1. Could you report the accessible area of MET215 in Å², rounded to 10, computed with a 1.4 Å probe on the protein chains as they sit in the structure?
2. For n ≥ 4 DSSP H runs only, could you compute -39500 (n - 2.57) per run for the chain, divide by its residues and tell me the 222 nm figure to the nearest 500?
3. So, counting K/R as plus one and D/E as minus one, what does the shell of residues with Cβ under 13 Å around VAL52 add up to?
4. Roughly what would the spin-label model give for MET215 and LEU321, points 7 Å off Cα along C-beta, in nm?
5. Contact order normalised by length for region 163-312, with contacts defined as Cα pairs under 8 Å and 6 or more residues apart; what percent is it?
6. Rounded to the nearest 0.05, what FRET efficiency do ARG247 and ALA412 give with R0 = 51 Å and r taken as the Cβ-Cβ distance? Could you check?
7. In Å, what is the Rg of the alpha-carbon atoms in region 4-153, and how long is Dmax?
8. Give the relative contact order (percent, whole number) for the chain; include only Cα pairs under 8 Å separated by 6+ residues.
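The values are calculated or read from the model by the stated rules, or taken from the named source; none is laboratory data. In this text, all values refer to a predicted model and were calculated from it rather than measured experimentally. Cβ placement follows ideal geometry from the backbone for every residue including glycine, while neighbour counts extend to all protein chains displayed. With ligands, DNA and RNA removed, areas are computed over all heavy atoms of the protein, side chains included. Shrake-Rupley method; radii C 1.70, N 1.55, O 1.52, S 1.80 Å.
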Amino acid sequence: MKAYIKRLPKQFRDLLYLAGKLASQKGMNVYLVGGCVRDLILGAPNLDLDIVVQPECPNFTSELAARLNARMVVHQRFKTATLITPRKIKLDIATARSEIYPQPASLPVVIPAGIKEDLARRDFTINALAIDLLPDNFGGLVDFYNGRQDLEKKLIRILHDSSFIDDPTRIIRAVRFEQRLKFKIEPYSLELLKDASGAGMLNQVSPHRLRDELMLILKEEGASRHILRLNTLAGLDFIHSKCELPRKNLIYLSQIEKEISSFRSMFPKRRALDTWLMYLTALLANLSKEEIKKFSRRFGLRKGEEKRVISFKKFSPSAVLKLTRKNVPVGEIYKILEPLSFEVILLIKAKYGKKTLRLNIENYLRHHNGIRLYASGNDLNKLGLLPGAYYKRILNQLLHLQLEGKISSRRAALSWIRRFKCPRN
Ligand code: ATP
């Protein structure tokens with residue numbers, strides 16, 4: 001049993017051991033909990049360390065931070081803290097607590113408790129395992145709810161009958177773990193899940209909590225599988241009443257997945273994609289611009305996120321036609337695609353999959369996206385051209401010559417500029 005903790009890299013183990021030693025000196029208990037324990041047993045790497053201490057001790061976290069020379073961020077609202085060590089290892093610390101749900105789908109009332117109660121409030125048995133960190137029993141598995149057995153049987157099982165009613169976001173979480181781990185939702189839990197979603201429980205959750213869980217599921221590798229399963233088990237109208245998944249959309253979703261993976265392998269150094277936003281945009285296809293705006297406010301999307309969803313909605317059929325034609329001047333393609341984010345460009349590629357459109361987009365991404373001019377306004381000034389509105393025109397022409405490959409060095413750019421007959425100093 002103690003073998004599980006040995007699977008962690010030494011630095012992480014040492015840190016946990018130190019936490020155990022400090023807790024023992026203070027007469028406290030401390031456990032590693034949650035997804036990290038689940039994944040250690042599964043042999044999957046997960047270095048998100050969550051620990052739970054019991055009983056509450058305000059000094060524990062600050063003393064541990066001092067011993068680790070770690071930065072401490074306290075989250076007053078949740079009574080938790082995060083330590084970040086100089087080697088950037090992150091440790092989340094909470095006090096063991098029990099939760100009471102005054103109303104279905106509401107936020108729980110939290111009361112201090114022992115580890116058994118703390119594990120009992122969790123979503124599934126496989127997430128209700130803990131590892132003891134006290135030196136005497138370092139690495140000992142704490143398994144009150146047969147989580148290890150469910151991991152072996154590959155089952156997602158809730159801990160009590162009202163679990164999905166208390167917190168309907170667990171419906172989304174159940175699908176996420178089922179699909180990610182390739183497990184099954186245990187039959188009785190599945191029945192209760194269907195009951196809760198049939199009763200419209202997801203519609204009772206606050207939009208921001210829904211958004212957080214939705215983001216997590218849409219960020220998963222192979223998100224289209226997750227969406228499909230969620231649609232089958234709970235429907236998608238908790239996102240918006242106009243969200244649906246007709247056959248056409250299914251092909252589109254898996255095409256999005258392909259575009260994401262080909263973008264990542266073609267351009268490993270470009271900024272990471274907000275893949276969740278791409279799937280969300282696809283799911284919101286039936287909404288009008290106004291409805292998207294309303295949705296964004298309700299779900300608390302950021303301005304930049306809303307802008308990307310809308311820019312896809314507004315993408316004009318005439319621009320699609322242009323992209324679909326052969327021999328369109330590169331400057332025109334640049335003009336269409338340059339204002340758009342990678343997410344929107346890839347959505348266009350996924351949706352209008354014609355061969356020429358795909359080639360035009362790939363050519364743009366490979367050669368022209370982020371192109372840097374070989375000369376600047378400063379250069380024009382240094383070359384003696386008096387500043388004026390034509391600066392913009394010259395630089396625009398330079399851009400087009402560069403896009404067409406007619407100017408391919410700074411030297412060539414400067415000698416081309418010298419030929420301009422503009423007012424000079
Ligand atoms: P991941 O690998 O996706 O990070 P995780 O299990 O670490 O999965 P978190 O969302 O980070 O998931 O949550 C950490 C732990 O907190 C979970 O393992 C679970 O024990 C508990 N938990 C999280 N959300 C809920 C919930 N809605 N209801 C009950 N317990 C939850």
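1. In the full protein context, MET215 sits at about 40 Å².
2. Numbers: 22 runs with 220 residues, N = 425.
That calculation yields -15000 deg cm²/dmol at 222 nm.
3. Working: positive: LYS79, ARG97, LYS116, ARG121, ARG122; negative: ASP50, GLU56, ASP92, GLU117, ASP118, ASP132.
After counting each charged neighbour, the total is -1.
4. It is 4.0 nm.
5. 24 percent
6. Numbers: r = 52 Å, r/R0 = 1.03.
With R0 = 51 Å, the Cβ-Cβ based efficiency is 0.45.
7. 14.9, 44
8. Working: 557 pairs, mean separation 39.4, N = 425.
Computed over the chain, the figure is 9 percent.
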